[in-house]
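To start, the structure itself, in structure tokens.
The numbers here are math on the coordinates, done by the rules we state, and not lab data. Nothing here was measured: the structure is a model prediction, and the numbers come from that model. Counting neighbours? That spans all protein chains shown, and the Cβs are built from the backbone with ideal geometry, glycine included.
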Amino acid sequence: MNNIQFYTLFIFYFSNISAFSLLGIPISPRLTNFRYNPYCLINECCNDGYIKFDRNRLKRNLTEHVYGQPLLLTAVDALTAHFNPYYRSPKPLTLSFHGMTGTGKNYVANFIADSLFSLGSRSEFVHHFIGRQHFAEKKYTSQYKADLYDWIRGNLTQCPRQLFIFDEVDKMVPEVLNAIKPWIDYNHQAAQFSEAVFIFLSNTGANIINEHYHDLYVSEGKQREDLKLSDFENFIQKGAFNEEGGFFHSDTITNNLIDHYIPFLPLEQKHLIKCIEKEFKVRRVNNPRREHIDEVMKFIHWGPDQSRLFSKTGCKRLGPKVGLIISESYPREAYSKDEL
């Protein structure tokens, strides 16, 4: 587009905005439906140019960067079904991720943001709440609920295509999430904003997931690749409802408003090795020696105590340990190119 074309569109756009303004109709530049919108050339807008689900990108990121979680394909399928151009969902999509720390819940939430918005997690249409930071004090429960309701309403009114991520739900005071019920329920109001997505991340149900998978693995010989969502969903729902935290006796569960409860399985040794190799690679060590991988493995705590099959902390804490070993055994890689 040359300068003459740009200025022509610029004048056309704002002349139309002025016409609407004279009629007393408020217009937000981000929401206009003109095919050529100069505002959207340099600013994020609520349209397909900035917001469009990319299934292939999500599947590729999950395959390349998340280990040992085959049930995550459920999330890919759920998003694909929700954004089916031939069917409009009656409510926003709600996904609840459950599992122990270090299994990839935050990773996956960010990959979903990347697959929905061209700016990924930096998009103004992505909202990230953290339980212990935003909703931790019981005495402010009423205020939390009012503020959360207003925040969601305000943003959905501006653009119905939003992503709300609630992290550390298990650290939230109970009842806060009841405030979002009108926005994710089966009703006329929620139907207007059915393109929105709500994701909840929680450690609740982690023990149930680990114990149940251990039983399936040891007693029935089931590999994680053979598991189905139905093997876990009822266990997770009951655990989330009865454990202290944001889902404790929550209306979102009693009214069956969570579409999918997705378990994040505990990680085995083969998955931890992949995580360690990745930590070496991002630090420019592409072929770490086996003894150095084994050295990092010594820092990992395993469970259950009687079988020591799974890491108790997933892939968390591995980065600093890898960095320590690189500083000791790969000194050139421990510094940037400018410092060499």
FRET efficiency, 1/(1 + (r/R0)^6) with R0 35 Å, evaluated for Asp150 and His249 via beta carbons:
0.90
Is any residue of the stretch 62-90 close enough, with backbone N under 18 Å, to a label point placed 7 angstrom from the Cα of Asn187 along the Cα-Cβ axis, and if so, which?
90
State the Cα centre-to-centre distance between the stretch 72-115 and the stretch 230-275 in whole Å.
14 Å
Please report the Cα spread of the stretch 95-190 along all three principal axes, rounded to whole Å, starting with the longest.
36, 35, 24
Whole-Å distance, taken between Cα centres, linking the stretch 123-147 and the stretch 279-299
39 Å
So for each of 173-179, 299-305, 200-206, 256-262 I average, over its residues, the number of other beta carbons within 10 Å; can you give me the resulting order with the highest mean first?
200-206, 173-179, 256-262, 299-305
Per-residue counts of other Cβ atoms within 10 Å, averaged by peptide: what ranking do you get for 180-188, 264-272, highest first?
264-272, 180-188
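So, with +1 on the Cβ of K and R and -1 on the Cβ of D and E, and no other charges, what is the size of the charge dipole of the chain about its Cα centre, to the nearest 20 debye?
Result for the chain is approximately 680 debye, rounded to the nearest 20.
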Given a Förster distance of 30 Å, the FRET efficiency implied by the Cβ-Cβ spacing of Arg132 and Lys298, rounded to the nearest 0.05, works out to 0.45
Within straight-line cross-link reach of Lys281, aspartates and glutamates at Cα separation under 15 Å, skipping those fewer than 8 residues along the same chain
Glu64, Glu333
Pull out the extension gain between Arg122 and Asp215, defined as 0.36 nm times the separation in residues minus the alpha carbon to alpha carbon distance; nm, one decimal.
29.4 nm
To the nearest 0.05, the calculated FRET efficiency linking Ser307 and Asp54 through their beta-carbon distance, R0 being 35 Å, is 0.30
What order do you get for Lys59, Lys138 when you list them from fewest to most C-beta neighbours inside 10 Å?
Lys138, Lys59
For the chain, max minus min Cα coordinate along each principal axis, in Å, sorted largest first?
74, 57, 43
Added length on full extension, which subtracts the Cα-Cα distance from 0.36 nm per residue, Tyr87 to Leu41
13.6 nm
Which of the GluC sites (Glu not before Pro) found in the stretch 209-259 are in a DSSP loop and have at most 12 neighbouring Cβ atoms, other than their own, within 10 Å?
Glu220, Glu244
Restricting to lysine pairs 8 or more places apart or on different chains, what number in the stretch 55-264 have Cα atoms under 20 Å apart?
15
